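No lab work stands behind these numbers, since they all come straight from the coordinates. From a predicted model like this one, the values you see are computed outputs, not experimental measurements. All Cβ positions, glycine included, derive from the backbone under ideal geometry; neighbour counts span all protein chains shown.
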Amino acid sequence: MEIRILAPFTVKPEYVEALKQPLNDVISASRKEPGCLQYDLQLEIGSSNSFVFFERWRSQEDIDLHEKSAHFQQFIAALEGKIEHIEIKKLKLIV
């Protein structure tokens, strides 16, 4: 079953520039994973530090592998102390 992830997060304003490279790195590497169907990052209109990841994965097993990957773990470490808020929602398509 395909799983979608919606993950809004807010970066502390002073760290937006510092997180550009880690964000680009995790996006690039994640898109190459076999189970990744989509991995996009959006910036909220009218904001400079409010972002949303939108992801689509083939299965929960693919998400589990992604979360254990070196590039994802490096990204999580890069976020440490630099975000104000994050929420992660796993979704399934109904229609």
Out of the strands (runs of 3 or more DSSP E) lying entirely within region 1-87, which hold 2 or more residues that are exposed (fewer than 15 other Cβ atoms within 10 Å of the Cβ), out of contact with any Leu (no Cβ under 7 Å at 6 or more places or on another chain) and free of Cβ contacts under 8 Å to residues at least 24 places away in the same chain?
36-43
Checking the structure you have, find out if any residue of region 6-24 is among the acidic types (Asp, Glu) and out of contact with any helix residue (DSSP H, G or I) (no Cβ under 8 Å at 6 or more places or on another chain).
yes
